[in-house]
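Written below as C-alpha coordinates is the structure these notes are about.
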Amino acid sequence: MSQRRVITGRSQEPRQRFAEELRRLRAASGMSLRALGERLGWDYSLFGKMEKGETIGTPEVVQALDTYYGTPGLLLALWELAAGDHTQFRERYRRYMALEAEAGSLWHFAVGVPPGVLQTPGYARAVLAAGRLRGKELDQQVKARLSRRDLLEGEDAPHFRSILSETVLRTPLTDTAAWCEQLTHLVEMSERRMVALQVLPYSAGPHSLSHTDVMFLRLPGGRTAAYVESASRGDLIESANQVEQLQQMYDAVRDLALSLDESRKYILRVLEELPCEPSI
(Lines give C-alpha, C1' and ligand atoms only; values in the text may rest on other atoms or scores of the structure.)
Protein backbone atom coordinates (compact mmCIF):
# COMPACT_ATOMS: atom_id res chain seq x y z
CA MET A 1 0.00 0.00 0.00
CA SER A 2 1.40 3.39 -0.92
CA GLN A 3 2.15 5.83 1.88
CA ARG A 4 -0.42 8.60 2.31
CA ARG A 5 0.75 11.84 0.79
CA VAL A 6 1.16 14.77 3.16
CA ILE A 7 -0.36 17.80 1.44
CA THR A 8 0.53 20.70 3.75
CA GLY A 9 3.93 19.55 4.95
CA ARG A 10 2.86 20.36 8.50
CA SER A 11 3.25 17.97 11.40
CA GLN A 12 0.69 15.17 11.68
CA GLU A 13 1.27 14.91 15.45
CA PRO A 14 -1.44 16.84 17.38
CA ARG A 15 0.83 18.58 19.90
CA GLN A 16 3.40 19.60 17.31
CA ARG A 17 0.68 20.79 14.92
CA PHE A 18 -0.84 22.93 17.68
CA ALA A 19 2.54 24.54 18.43
CA GLU A 20 3.20 25.09 14.71
CA GLU A 21 -0.13 26.84 14.26
CA LEU A 22 0.56 29.12 17.22
CA ARG A 23 3.93 30.09 15.75
CA ARG A 24 2.43 30.65 12.30
CA LEU A 25 -0.39 32.86 13.52
CA ARG A 26 1.85 35.04 15.68
CA ALA A 27 4.39 35.43 12.87
CA ALA A 28 1.60 36.51 10.53
CA SER A 29 0.39 39.05 13.07
CA GLY A 30 3.86 40.57 13.46
CA MET A 31 3.41 40.51 17.23
CA SER A 32 6.28 39.73 19.62
CA LEU A 33 5.76 37.29 22.50
CA ARG A 34 6.10 40.11 25.02
CA ALA A 35 3.58 42.29 23.19
CA LEU A 36 1.17 39.36 22.90
CA GLY A 37 1.39 38.76 26.64
CA GLU A 38 0.70 42.43 27.37
CA ARG A 39 -2.25 42.49 24.97
CA LEU A 40 -3.92 39.35 26.36
CA GLY A 41 -2.94 39.70 30.02
CA TRP A 42 -0.83 36.56 30.47
CA ASP A 43 2.89 36.22 31.11
CA TYR A 44 4.55 36.18 27.69
CA SER A 45 6.74 33.22 28.72
CA LEU A 46 3.58 31.05 28.69
CA PHE A 47 3.08 31.75 24.99
CA GLY A 48 6.75 30.97 24.34
CA LYS A 49 6.39 27.60 26.04
CA MET A 50 3.23 26.85 24.08
CA GLU A 51 4.96 27.64 20.79
CA LYS A 52 7.86 25.36 21.73
CA GLY A 53 5.50 22.51 22.56
CA GLU A 54 6.48 22.48 26.25
CA THR A 55 2.87 23.09 27.35
CA ILE A 56 -0.50 23.41 25.65
CA GLY A 57 -1.91 25.97 28.07
CA THR A 58 -5.47 26.05 29.32
CA PRO A 59 -8.75 26.37 27.38
CA GLU A 60 -9.12 29.95 28.64
CA VAL A 61 -5.75 30.95 27.15
CA VAL A 62 -6.48 29.20 23.86
CA GLN A 63 -9.91 30.83 23.55
CA ALA A 64 -8.30 34.23 24.08
CA LEU A 65 -5.82 33.45 21.29
CA ASP A 66 -8.64 32.32 18.99
CA THR A 67 -10.40 35.63 19.58
CA TYR A 68 -7.26 37.71 19.09
CA TYR A 69 -6.18 35.97 15.88
CA GLY A 70 -9.71 35.86 14.49
CA THR A 71 -9.74 32.06 14.23
CA PRO A 72 -12.95 31.19 16.12
CA GLY A 73 -12.73 27.61 17.34
CA LEU A 74 -9.68 26.61 15.29
CA LEU A 75 -7.06 26.75 18.01
CA LEU A 76 -9.43 25.31 20.59
CA ALA A 77 -10.11 22.35 18.28
CA LEU A 78 -6.36 21.79 17.82
CA TRP A 79 -5.90 22.15 21.59
CA GLU A 80 -8.50 19.44 22.25
CA LEU A 81 -6.71 17.07 19.87
CA ALA A 82 -3.37 17.85 21.53
CA ALA A 83 -4.80 17.37 25.02
CA GLY A 84 -6.17 13.96 24.05
CA ASP A 85 -2.99 12.79 22.35
CA HIS A 86 -1.18 10.18 24.42
CA THR A 87 1.05 8.89 21.62
CA GLN A 88 4.03 10.98 22.73
CA PHE A 89 4.32 8.79 25.81
CA ARG A 90 5.87 5.35 25.80
CA GLU A 91 3.47 2.45 25.39
CA ARG A 92 3.46 1.45 29.05
CA TYR A 93 2.03 4.85 30.04
CA ARG A 94 -0.74 5.14 27.48
CA ARG A 95 -3.51 3.31 29.32
CA TYR A 96 -2.50 5.10 32.52
CA MET A 97 -2.59 8.51 30.78
CA ALA A 98 -6.08 7.86 29.48
CA LEU A 99 -7.33 7.11 33.01
CA GLU A 100 -5.39 10.01 34.51
CA ALA A 101 -7.30 12.41 32.26
CA GLU A 102 -10.58 11.15 33.80
CA ALA A 103 -9.50 11.23 37.45
CA GLY A 104 -11.13 13.64 39.89
CA SER A 105 -8.25 13.35 42.34
CA LEU A 106 -4.79 11.80 42.40
CA TRP A 107 -2.76 10.61 45.38
CA HIS A 108 0.91 9.88 44.95
CA PHE A 109 3.96 8.63 46.83
CA ALA A 110 7.47 9.37 45.56
CA VAL A 111 10.49 7.27 46.53
CA GLY A 112 13.34 9.07 44.76
CA VAL A 113 12.08 11.76 42.36
CA PRO A 114 9.07 14.10 42.38
CA PRO A 115 6.19 13.10 40.11
CA GLY A 116 6.28 14.31 36.51
CA VAL A 117 3.46 16.80 37.11
CA LEU A 118 5.73 18.63 39.59
CA GLN A 119 8.99 18.53 37.64
CA THR A 120 10.68 21.59 36.15
CA PRO A 121 12.29 21.52 32.68
CA GLY A 122 15.85 21.30 34.03
CA TYR A 123 14.97 18.52 36.46
CA ALA A 124 13.03 16.51 33.88
CA ARG A 125 15.91 16.70 31.40
CA ALA A 126 18.50 15.63 34.00
CA VAL A 127 16.43 12.66 35.21
CA LEU A 128 15.58 11.45 31.70
CA ALA A 129 19.19 11.86 30.57
CA ALA A 130 20.26 9.75 33.56
CA GLY A 131 18.01 7.06 32.10
CA ARG A 132 20.25 7.06 29.00
CA LEU A 133 17.95 8.97 26.69
CA ARG A 134 19.79 11.09 24.15
CA GLY A 135 19.21 13.48 21.25
CA LYS A 136 15.75 13.73 19.72
CA GLU A 137 14.31 11.00 21.93
CA LEU A 138 15.42 12.92 25.02
CA ASP A 139 13.92 16.16 23.68
CA GLN A 140 10.66 14.38 22.86
CA GLN A 141 10.35 12.78 26.29
CA VAL A 142 11.20 16.03 28.09
CA LYS A 143 8.39 17.78 26.19
CA ALA A 144 6.02 14.91 26.94
CA ARG A 145 6.83 14.99 30.64
CA LEU A 146 6.50 18.76 30.90
CA SER A 147 3.15 18.60 29.14
CA ARG A 148 1.85 16.59 32.08
CA ARG A 149 2.04 19.71 34.23
CA ASP A 150 -1.03 20.93 32.34
CA LEU A 151 -3.00 18.43 34.44
CA LEU A 152 -2.82 20.74 37.46
CA GLU A 153 -3.79 23.89 35.56
CA GLY A 154 -7.21 25.42 35.07
CA GLU A 155 -10.41 25.55 37.07
CA ASP A 156 -11.17 21.85 36.52
CA ALA A 157 -7.79 20.63 37.78
CA PRO A 158 -8.08 17.52 39.98
CA HIS A 159 -7.07 17.55 43.61
CA PHE A 160 -3.49 16.30 43.81
CA ARG A 161 -1.66 14.96 46.86
CA SER A 162 1.96 13.81 46.84
CA ILE A 163 4.00 12.43 49.71
CA LEU A 164 7.70 12.93 48.98
CA SER A 165 10.24 10.70 50.64
CA GLU A 166 13.05 12.78 52.17
CA THR A 167 15.29 11.06 49.62
CA VAL A 168 13.64 13.22 46.94
CA LEU A 169 14.84 16.37 48.70
CA ARG A 170 18.28 15.03 49.58
CA THR A 171 19.21 13.90 46.07
CA PRO A 172 20.21 17.14 44.34
CA LEU A 173 21.01 17.72 40.69
CA THR A 174 24.62 18.47 39.81
CA ASP A 175 23.32 21.72 38.30
CA THR A 176 22.67 23.78 41.43
CA ALA A 177 20.59 26.40 39.62
CA ALA A 178 18.29 23.73 38.17
CA TRP A 179 17.98 22.09 41.59
CA CYS A 180 17.09 25.43 43.22
CA GLU A 181 14.46 25.94 40.52
CA GLN A 182 12.94 22.52 41.25
CA LEU A 183 12.76 23.08 45.01
CA THR A 184 11.31 26.55 44.48
CA HIS A 185 8.67 25.06 42.20
CA LEU A 186 7.72 22.52 44.88
CA VAL A 187 7.25 25.32 47.41
CA GLU A 188 5.12 27.31 44.97
CA MET A 189 2.98 24.29 44.11
CA SER A 190 2.48 23.52 47.81
CA GLU A 191 0.70 26.89 48.13
CA ARG A 192 -1.99 25.96 45.61
CA ARG A 193 -5.46 25.21 46.92
CA MET A 194 -5.80 21.95 44.99
CA VAL A 195 -2.29 20.65 45.71
CA ALA A 196 -1.16 19.00 48.95
CA LEU A 197 2.52 18.15 49.45
CA GLN A 198 3.86 16.21 52.42
CA VAL A 199 7.36 15.07 53.29
CA LEU A 200 8.11 11.66 54.76
CA PRO A 201 11.29 12.17 56.84
CA TYR A 202 14.00 9.57 57.33
CA SER A 203 13.12 9.60 61.02
CA ALA A 204 9.83 7.86 60.18
CA GLY A 205 11.85 4.66 59.80
CA PRO A 206 11.05 1.64 57.58
CA HIS A 207 7.67 1.61 55.88
CA SER A 208 5.66 -0.48 53.43
CA LEU A 209 6.34 1.68 50.34
CA SER A 210 10.12 1.95 50.74
CA HIS A 211 10.75 0.82 47.16
CA THR A 212 7.47 1.72 45.47
CA ASP A 213 6.33 4.80 43.59
CA VAL A 214 2.55 4.70 43.38
CA MET A 215 -0.18 6.94 41.97
CA PHE A 216 -3.84 6.42 42.86
CA LEU A 217 -6.41 7.60 40.32
CA ARG A 218 -9.84 8.24 41.80
CA LEU A 219 -12.16 7.80 38.83
CA PRO A 220 -15.82 8.61 38.11
CA GLY A 221 -18.25 6.19 39.71
CA GLY A 222 -16.09 5.71 42.82
CA ARG A 223 -13.59 3.38 41.13
CA THR A 224 -9.88 3.70 41.95
CA ALA A 225 -6.92 2.47 39.91
CA ALA A 226 -3.25 2.48 40.91
CA TYR A 227 -0.09 2.82 38.87
CA VAL A 228 2.99 1.28 40.51
CA GLU A 229 6.38 2.12 39.08
CA SER A 230 9.95 0.91 39.54
CA ALA A 231 13.16 1.88 37.74
CA SER A 232 12.52 -0.67 34.98
CA ARG A 233 8.75 -0.97 34.59
CA GLY A 234 5.32 0.32 35.46
CA ASP A 235 2.16 -1.64 36.20
CA LEU A 236 -1.42 -0.40 36.08
CA ILE A 237 -3.49 -2.11 38.78
CA GLU A 238 -7.27 -2.08 38.48
CA SER A 239 -8.18 -5.07 40.67
CA ALA A 240 -10.22 -3.75 43.63
CA ASN A 241 -8.51 -6.08 46.12
CA GLN A 242 -5.00 -5.15 45.04
CA VAL A 243 -5.81 -1.44 44.99
CA GLU A 244 -7.27 -1.70 48.50
CA GLN A 245 -4.07 -3.31 49.80
CA LEU A 246 -1.99 -0.52 48.27
CA GLN A 247 -4.31 2.11 49.74
CA GLN A 248 -3.84 0.68 53.22
CA MET A 249 -0.07 0.86 52.74
CA TYR A 250 -0.38 4.44 51.50
CA ASP A 251 -2.53 5.44 54.47
CA ALA A 252 0.08 4.04 56.85
CA VAL A 253 2.78 6.13 55.15
CA ARG A 254 0.60 9.23 55.23
CA ASP A 255 0.21 8.81 58.99
CA LEU A 256 4.03 9.00 59.30
CA ALA A 257 4.47 12.06 57.07
CA LEU A 258 4.89 15.66 58.21
CA SER A 259 1.86 17.94 58.10
CA LEU A 260 1.30 20.22 55.11
CA ASP A 261 2.70 23.24 56.93
CA GLU A 262 5.66 21.34 58.39
CA SER A 263 6.41 19.89 54.95
CA ARG A 264 6.47 23.29 53.27
CA LYS A 265 8.81 24.61 55.97
CA TYR A 266 11.04 21.57 55.51
CA ILE A 267 11.38 22.14 51.76
CA LEU A 268 12.16 25.81 52.45
CA ARG A 269 14.92 24.79 54.88
CA VAL A 270 16.49 22.53 52.25
CA LEU A 271 16.27 25.41 49.77
CA GLU A 272 17.88 27.84 52.22
CA GLU A 273 20.88 25.52 52.56
CA LEU A 274 21.71 26.07 48.88
CA PRO A 275 23.44 29.03 47.17
CA CYS A 276 20.30 30.01 45.25
CA GLU A 277 19.29 33.39 43.92
CA PRO A 278 16.40 34.75 46.04
CA SER A 279 13.13 33.76 44.39
CA ILE A 280 10.57 33.26 47.14
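Please list, ordered by first then second residue, the pairs with beta carbon atoms under 6 Å, 6 or more apart or interchain, first in segment 109-132 and in contact (Cβ under 8 Å) with a residue 24 or more places away in the chain, second part of a loop (DSSP other than H, G, I, E, B) and open to solvent by less than 40 Å² (accessible area, probe 1.4 Å). Taking only residues 6 or more apart or on different chains, the pairs are 109/209; 126/173. Residues that are among the polar types (S, T, N, Q), over 15 Å from residue 111 (Cβ atoms) and open to solvent by less than 40 Å² (accessible area, probe 1.4 Å) within segment 209-240 comprise just one, 224.
Is it the case that some residue within segment 201-208 is part of a strand (DSSP E or B), at pLDDT 95 or above and open to solvent by less than 30 Å² (accessible area, probe 1.4 Å)? No, the conditions are met nowhere in segment 201-208. Exactly one residue out of 274, 217, 236 is part of a loop (DSSP other than H, G, I, E, B), in contact with a Leu (Cβ under 9 Å, 6 or more places away or on another chain) and either without any contact (Cβ under 8 Å) to a residue 60 or more places away in the chain or not β-branched (Val, Ile, Thr) (or both), and it is 274.
Per-residue answers, yes or no, for (1) open to solvent by 40 Å² or more (accessible area, probe 1.4 Å); (2) modelled with pLDDT of 90 or more; (3) farther than 18 Å from residue 81 by Cβ; (4) among the small types (Gly, Ala, Ser):
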{"position": "13", "(1), (2), (3), (4)": "yes, no, no, no"}
{"position": "19", "(1), (2), (3), (4)": "no, yes, no, yes"}
{"position": "28", "(1), (2), (3), (4)": "yes, yes, yes, yes"}
{"position": "35", "(1), (2), (3), (4)": "no, yes, yes, yes"}
{"position": "41", "(1), (2), (3), (4)": "yes, yes, yes, yes"}
{"position": "49", "(1), (2), (3), (4)": "yes, no, yes, no"}
{"position": "55", "(1), (2), (3), (4)": "no, no, no, no"}
{"position": "62", "(1), (2), (3), (4)": "no, yes, no, no"}
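Taken over segment 241-268, the criterion of being open to solvent by less than 30 Å² (accessible area, probe 1.4 Å) and under 20 Å from the mean Cα position of the chain (by Cα) is satisfied by 267 alone. What pairs come out if I take residues in segment 170-185 that are within 22 Å of residue 196 (Cβ to Cβ) and pair them with residues that are open to solvent by 70 Å² or more (accessible area, probe 1.4 Å) and of a type in the set (S, T, N, Q) whose C-beta lies under 6 Å away, six or more apart or interchain? The qualifying pairs are 184/279. Listed by first and then second residue, the pairs with beta-carbon distance under 9 Å, at least 6 apart or on different chains, first residue in segment 64-77 and among the hydroxyl-bearing types (Ser, Thr, Tyr), second open to solvent by 60 Å² or more (accessible area, probe 1.4 Å), are 68/39; 69/28. Scanning segment 156-195 for residues that are part of a helix (DSSP H, G or I), loosely packed, with under 15 Cβ neighbours inside 10 Å and under 17 Å from the mean Cα position of the chain (by Cα) returns a single hit, 188. When residue 101 is tested against (1) closer than 23 Å to residue 194 by Cα; (2) at pLDDT 85 or above; (3) among the aliphatic types (A, V, I, L, M); (4) open to solvent by 50 Å² or more (accessible area, probe 1.4 Å), exactly one condition is not met: (2). Against the numbered list (1) surrounded by fewer than 13 Cβ atoms within 10 Å (Cβ to Cβ); (2) in contact (Cβ under 8 Å) with a residue 60 or more places away in the chain; (3) among the acidic types (Asp, Glu), residue 153 comes up short only at (1). Among the residues examined, residue 229 does not qualify as at pLDDT 95 or above and either touching a His at 6+ places or on another chain (Cβ under 9 Å) or charged (D, E, K, R) (or both).
The values are calculated or read from the model by the stated rules, or taken from the named source; none is laboratory data. Worth saying up front: this structure is predicted, and the values here are computed from it rather than measured. Because the Cβ atoms are built from the backbone with ideal geometry, glycine has one as well, and the counts that use them run over all protein chains shown. Calculation scope for accessible area: heavy atoms of the full protein, side chains included, ligands and nucleic acids excluded. Shrake-Rupley method; radii C 1.70, N 1.55, O 1.52, S 1.80 Å.
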